[in-house]
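*Asks:* Got a structure for you, written out below as C-alpha cells; questions coming shortly.
The values are calculated or read from the model by the stated rules, or taken from the named source; none is laboratory data. Owing to the predicted nature of the structure, the values given are computational and were not obtained by experimental measurement. Every residue, glycine among them, receives a Cβ derived from its backbone with ideal geometry; neighbour counts consider all protein chains shown.
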Amino acid sequence: MNPDFTAFRDPASGAILAHEGDALVAPDGTRHPIVSGIPRFVPPGNYADDFGAQWNRFPQTQLDSHTGLTLTRDRLARCLRGELDSLGGKRVLEAGSGAGRFTEVLLAAGAEVHSFDYSSAVAANAANNGASDHLTLAQGDIRCPPFAEASYDHVICLGVLQHTPSPEDSIAALWRMVRPGGRLVIDHYRFRWRFLLPTPVGDAASLYRWFILRMAPEKRAGVVERITDFWFPWHWRFRDSYLLQRVVRRLSPVRFYYPDMALKDRDMHYRWSQLDTHDSTTDVFKHLRRPEQIRATLEGLGARDIHVWIGGNGVEAWGVKPA
C-alpha cells in the first residue's frame, strides 16, 4: 500500500491531517488510529461488523485472480461503460471495498485507487492488494469519506448502497467526492415485490434474515453455514430443472447462481452460495429502489449524461458531474 498518508482528510472537517506515530491527528486534536498500516476513521464496532467477518472469512472467493474467471472484471467494465481500459493514471475512489475484488481489477487497469470500507474487511483487502503502491486504504464511513472532496475522476460504489442507513445520503456524499467532469458509478438492489412478501410467495431469505438478525452476532455465521449445508444439495440436485429449482427457491434462503453465473464446479458454486447467503441474511440495512428513483436522485444532485439500467446487482447507474 501507499505509505504516504497525505491523501487523507478529517471526515468531520475536511482538514489536512498530521501523521504522528500511530495516528493521524486533526487540527482540533482528534486522533484517528493507524492499525496494521490502515487509518481507522470509525469506531471498531458498527452495523457492518457482520460484513467484516464475512470478507475476512471469504477473502478470495470472488476475486478473479482466485477463480480464474473474469466475472468481476466483466461487471466493472459494464458499469464503467467502456472506460475500464482507460483508467491508467486516473484517480479512483472506491467506496465499500469488501475484500477487494474490484480493487484488484482497478489496480490492474493502472488506476490510482483510494479505497475504504466501513468494516474490518479492509484487512482482507490489504492482504489481497496491499502489495501495490497505487492503493491507499482506510476504514471509513461512506457518509463522510476520509478523503478530499471533488478530487476523483471516477467514484465507484458497487454492492454497497443498499446496506447503508440512507442510500440517498450516501449517494450525495459520494457525489461530493467527484471532480468536475468526473463520473459517479453505482448500483443498488432493485425493488421487487417478492422481496417484501413472505415465503412461499416471496423471498425466503427475508424470513430467515428476520430470525438470524435476532441472534447473537457470534452465532450468525455458524447458523448460515448450517442452513446453506442443508439447502445447497437440493439446489444442486435440481439445478437443471427450471420448475423444481423455482420450488426450492421459494423455500430456501440460499443464493444459488446456476446456470446464470458460469462458475467452474460444484465447490465454487457452494462457496459463492455460502458467502452470498451470509451477505443476504445478516445485513442490518436492506433498501430497495426502482430505476426511476435512482435516476431522480442523480438528477437532484445535478448529474448530467445519466444512464440507469437493469443489470447485475439490480439497478446500475452512471452520472457525470458538470465541468
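*Asks:* Among the residues of region 307-323, write down those that are part of a strand (DSSP E or B) and surrounded by fewer than 16 Cβ atoms within 10 Å (Cβ to Cβ). Spell out the reasoning first.
*Replies:* We begin by selecting, within region 307-323, every residue part of a strand (DSSP E or B); these are 307-311, 314-320.
If the condition is that a residue be part of a strand (DSSP E or B) and surrounded by fewer than 16 Cβ atoms within 10 Å (Cβ to Cβ), then His307, Trp309, Ile310, Gly311 are the ones that fit.
*Asks:* When region 271-297 is examined, which residues are found to be farther than 17 Å from Asn56 by Cβ, assigned to a loop (DSSP other than H, G, I, E, B) and either in contact with a helix residue (DSSP H, G or I) (Cβ under 9 Å, 6 or more places away or on another chain) or not charged (D, E, K, R) (or both)?
*Replies:* Matches in region 271-297: Val284, Phe285, Lys286, His287, Leu288.
*Asks:* Moving to a separate point now. Applying the selection to region 200-214, what residues are in a loop (DSSP other than H, G, I, E, B) and out of contact with any helix residue (DSSP H, G or I) (no Cβ under 7 Å at 6 or more places or on another chain)?
*Replies:* At the first step, the residues of region 200-214 found to be in a loop (DSSP other than H, G, I, E, B) are 200-203, 213-214.
Listed by number, the residues that qualify are Val201, Leu213, Arg214.
*Asks:* Is it true that Glu149 is assigned by TED's automatic domain parsing to the domain that holds Pro43, surrounded by fewer than 20 Cβ atoms within 10 Å (Cβ to Cβ) and closer than 24 Å to Leu213 by Cβ?
*Replies:* no
*Asks:* What is the number of the single condition among (1) over 28 Å from Ser115 (Cβ atoms); (2) part of a helix (DSSP H, G or I) that Leu197 does not meet?
*Replies:* The single condition Leu197 does not satisfy is (2).
*Asks:* Another question, then. When region 1-56 is examined, which residues are found to be small (Gly, Ala, Ser), free of Cβ contacts under 8 Å to residues at least 60 places away in the same chain and either buried (at least 16 other Cβ atoms within 10 Å of the Cβ) or within 11 Å of Leu137 (Cα to Cα) (or both)?
*Replies:* Ala23, Ala26
*Asks:* So, one more: Return yes when Asp260 is over 18 Å from the mean Cα position of the chain (by Cα), part of a helix (DSSP H, G or I) and more than 22 Å from His163 (Cα to Cα) and no when it is not.
*Replies:* So Asp260 fails the test.
*Asks:* Also: Which of the residues that make up region 179-194 are of a type in the set (D, E, K, R), within 13 Å of Leu288 (Cβ to Cβ), in contact (Cβ under 8 Å) with a residue 12 or more places away in the chain and not in a loop (DSSP other than H, G, I, E, B)?
*Replies:* Within region 179-194, Asp187, Arg190 meet the criteria.
*Asks:* Return yes or no: is Gly202 under 27 Å from Arg290 (Cα atoms), out of contact with any Ser or Thr (no Cβ under 6 Å at 6 or more places or on another chain), buried (at least 19 other Cβ atoms within 10 Å of the Cβ) and among the small types (Gly, Ala, Ser)?
*Replies:* When the stated conditions are applied, Gly202 does not pass them.
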